[in-house]
Amino acid sequence: MNNSINVVELAKKSGLHLRIVTSVKSFDTYNSFFNIYDSFDEPCRRIVVLTKYEDLEEVYDENPDEPIVVGKCISGNYWIKDYPLTTNPNKIELEEVLVPKEVVDNILKEL
């Protein structure tokens, strides 16, 4: 595809790390008996991201039911593609993940 670039190539060009992370949605619940807020995280989906963090494993996902915006920078991570949580990360072929040229240009401009 002429107007797209492989995400592995984009990672090399940008100097960012390519990671498959688990997104989690943070839930806060108020316990009136103890007068405290409890927090717990629930896994939502897997997301291919470009990041400056070599050991990134999870990201917070405020709207797990909405499709991601390809190339959007959220908390310093560029979200590229999402997969269901049931997808084995070892089965994701990163060489097959393509990013539109205009998204590539926007990411490289922001760096």
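Each reported figure results from applying straightforward, stated rules to the coordinates on display, with no laboratory input. All figures in this text were calculated on a predicted structure; none of them were measured in a lab. So basically every Cβ, Gly included, is an ideal-geometry build from the backbone, and we count neighbours across all protein chains shown.
Quick notes on this one:
- On the beta carbon distance between V8 and Y60, with R0 = 25 Å, the FRET formula returns roughly 0.50.
- For K52 and V69, the difference between the fully extended length at 0.36 nm per residue and the C-alpha to C-alpha distance is 4.2 nm.
- Only helices enter this figure: runs of n ≥ 4 DSSP H residues, each worth -39500 (n - 2.57), summed and divided by the residues of the chain, yield -4500 deg cm²/dmol at 222 nm to the nearest 500.
- Across the chain, the longest run free of exposed loop sites, meaning trypsin sites (Lys or Arg not before Pro) lying outside DSSP classes H, G, I, E and B with no more than 14 other Cβ atoms within 10 Å, spans 1-51.
- Oblate is the label for the stretch 61-105. Its Cα gyration tensor axes, ordered a ≥ b ≥ c, give a/c of at least 1.5 and b/c at or above a/b.
- Of the options (1) 96; (2) 121; (3) 106, only one is volume of the Cα convex hull per residue in Å³ as computed from these coordinates, and that is (2).
- Antiparallel content of DSSP bridges confined to the chain, in %, to 5: 90
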